[in-house]
Amino acid sequence: MDDHPVNREVLIRQLAILGIDSDSAVDGAEALSMWQSGDYALVLADVHMPRIDGYELTRQIRAIEAHSGAARTPIVAVTANVLKGEEQRCLSLGMDAYLSKPIGIDRLQVTLERWLSIRAEPAQGEAADAPAASDVLDRSILGSWLGDDAAAVRSLLQKFRDAAIDAELQVADASRRGDLAALTAAAHKLKGAAAAVGAISVGHRADSLEAAAKAGDWSRCRLELGPLAADIRRVIVEIDAQARAPH
């Protein structure tokens with residue numbers, strides 16, 4: 001979290017608007033203690049917190065995870081430092097994303113939805129931008145190839161589910177390492193698999209990410225990561241629902 005009370009309050013209110021419950025810490029030492037005793041889905045860390053800064057907080061969290069075998073907690077750097085190379089420094093130290101202040105709520109949302117389900121309500125008069133069910137998974141695609149063989153359809157969807165999870169991990173790893181070639185390859189592979197099973201929205205997002213990576217546009221790549229992750233989660237929910245349905 002942020003060491004300035006006003007900045008903390010702004011961020012807490014933004015998170016509340018996005019439907020995310022949060023706790024705040026006044027410094028890095030308190031943040032580390034809270035992380036160790038809690039069950040947090042994500043950490044927002046100001047890189048210049050007192051006592052323990054965001055860099056050291058990340059080092060200690062990653063060391064504890066490695067020693068204990070605990071699942072990796074996403075850590076997002078928050079900083080006013082816009083010096084060249086700062087983002088890559090954060091990623092190389094084990095952070096997963098980077099936000100520069102002031103943080104717009106739209107940028108906050110597309111960053112956090114890589115890992116969190118955002119429950120924000122659209123503003124009055126606005127339409128929600130989540131894809132329609134037919135865009136999440138167009139069942140006619142596999143149906144046109146496999147006819148009425150429901151078992152075969154379910155089997156292929158389960159394989160895509162596993163492949164999509166693996167692709168998301170590859171994308172995240174390539175992003176952390178700053179490897180545009182690996183990011184392009186992972187996005188391209190996911191795009192092809194999505195097209196094969198009718199995961200329309202995932203395919204579109206993967207295509208946009210691939211294009212941005214090919215162009216060397218890291219800013220665009222970062223903006224695509226959150227929506228892609230959110231669309232993958234929606235497809236997984238749809239596939240899991242179909243697997244539970246009576247056959």
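The values are calculated or read from the model by the stated rules, or taken from the named source; none is laboratory data. No experiment lies behind these values; they were computed from the predicted model shown. Neighbour counts run over all protein chains shown; Cβ positions are idealised from the backbone, glycine included. Heavy atoms of the whole protein, side chains included, go into the accessibility calculation; ligands, DNA and RNA do not. Shrake-Rupley method; radii C 1.70, N 1.55, O 1.52, S 1.80 Å.
Values computed for the structure shown
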| read-out | value |
| --- | --- |
| Isotropic mean projected area of the C-alpha convex hull, region 143-247 (nm²) | 6.2 nm² |
| With every protein chain in place, region 130-240: carbon and sulfur % of accessible area (1.4 Å) | 56 percent |
| Degrees between helix 180-197 axis and first principal axis of the chain (Cα, 0 to 90, nearest 10) | 40 degrees |
| In Hz, Karplus ³J(HN,Hα) per residue of region 32-39 (6.51, -1.76, 1.60; θ = phi - 60°; x = Gly, Pro) | 5, 4, 5, 5, 5, 9, x, 10 |
| Heavy-atom accessible surface of region 1-101: percent carbon and sulfur, 1.4 Å | 53 percent |
| Folded to 0 to 90 degrees: helix 54-68 orientation relative to the chain principal axis, Cα | 60 degrees |
| Kirkwood Rh (inverse of mean 1/r, distinct Cα pairs), region 139-204, angstrom | 12.6 Å |
| GNM result for the chain, Cα springs below 10 Å: residue of Pro102, Pro74, Pro227 fluctuating most strongly | Pro102 |
| Cα centre as origin, Lys/Arg/Asp/Glu Cβ charges: the chain dipole, Debye | 500 debye |
| GNM top mover of Ile232, Ile75, Ile12 - the chain, alpha-carbon springs below 10 Å | Ile12 |
| Rounded D (µm²/s) - the chain, Kirkwood Rh over Cα pairs, Stokes-Einstein at 4 °C, 1.567 mPa s | 67 µm²/s |
| Accessible area per residue, Å², the chain with all protein chains present, probe 1.4 Å | 51 Å² |
| Normalised contact order of the chain, rounded percent, pairs of Cα under 8 Å and 6 or more residues apart | 17 percent |
| Part-to-part distance (alpha-carbon centres) for region 189-218 and region 144-173, which is given in Å | 15 Å |
| Distance in nm between pseudo-label sites at Ile64 and Ala151 (7 Å out along the Cβ direction from Cα) | 4.9 nm |
| Residue-averaged 222 nm ellipticity for the chain, from DSSP H runs of 4+ at -39500 (n - 2.57), nearest 500 | -20000 deg cm²/dmol |
| Anisotropy class of region 6-59 from Cα gyration tensor, a/c 1.5 cut | oblate |
